[in-house]
Amino acid sequence: MKVLIAGVGNVLRGDDGFGVAVAQRLEAVDLGASVRVIETGIGGIHLVQELFDHADALVVIDAVDRGRPPGTVMVIEPEVADVEAMADLERWDFLADMHYTKPERAFMLAKALGVLPPRFLLVGCQPVDAERVGTGLSEPVEAAVGVAVDEVRRLVADLLTEPTR
């Protein structure tokens, strides 16, 4: 099973850089030959292009506001909207944005192109402030980086032992 781990986010917007920080930490960890770690920043189209190399599973790491206490790490199985189910005008508007800076849009494009892996998980962290202009994570989110690294390692171990679908 090939697993792609992608850290996403904007390191210039405070806690939004969480996914990048986790990916950078994971790059120093031996996760096995069939696991690749990348950091895409806010370039969602880069993530979609990486998926053309084929992956059986995708783990995305990002700051996710779910109204939880700051620093809470969550594992989410995202629902990805189907571009084909959109009205024509809505589909045209969606397809006109080729930067896909919002991860949800990149996931939708990957699904529409048939490259979104069948196993797709999101490791999210509740930010204090993902809109603040400036570098560096808040204290609770910085503390959550190690928790997320451990969670990703656990997920990868589980994924690698799953029977291939």
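Some points to look at:
- What you get for the chain, charging only the Cβ of Lys and Arg (+1) and of Asp and Glu (-1), is a dipole of about 280 debye around the Cα centre.
- Loop-located trypsin sites (Lys or Arg not before Pro) in segment 13-82 (DSSP state other than H, G, I, E, B) with a sparse environment of at most 13 neighbouring Cβ atoms within 10 Å: Arg66.
- The chain: most fluctuating residue of Ala110, Ala28, Ala143 per GNM, C-alpha cutoff 10 Å: Ala28
- Placing unit charges on each Cβ (+1 for Lys and Arg, -1 for Asp and Glu) gives the chain a dipole about its Cα centre, and among Ala55, Pro140, Gly14 the Cα reaching farthest toward its positive end belongs to Ala55.
- Computed [θ] at 222 nm, deg cm²/dmol, the chain (DSSP H ≥ 4; -39,500 (n - 2.57); rounded to nearest 500): -11000 deg cm²/dmol
- In this label model, Lys102 and Ala143 are separated by 3.2 nm, measuring between points 7 Å along each Cα→Cβ vector.
- Mean Cβ count within 10 Å, highest first, over the residues of peptides 115-121, 134-140, 103-109, 59-65: 59-65, 103-109, 115-121, 134-140
- Cα centroids of segment 3-45 and segment 128-147: 15 Å apart.
Coordinate-derived values only; no laboratory data. None of the values given here were measured: they were computed from a predicted structure. Don't worry about glycine lacking a Cβ; one is built from the backbone with ideal geometry, like all the others, and counts go over all protein chains shown.
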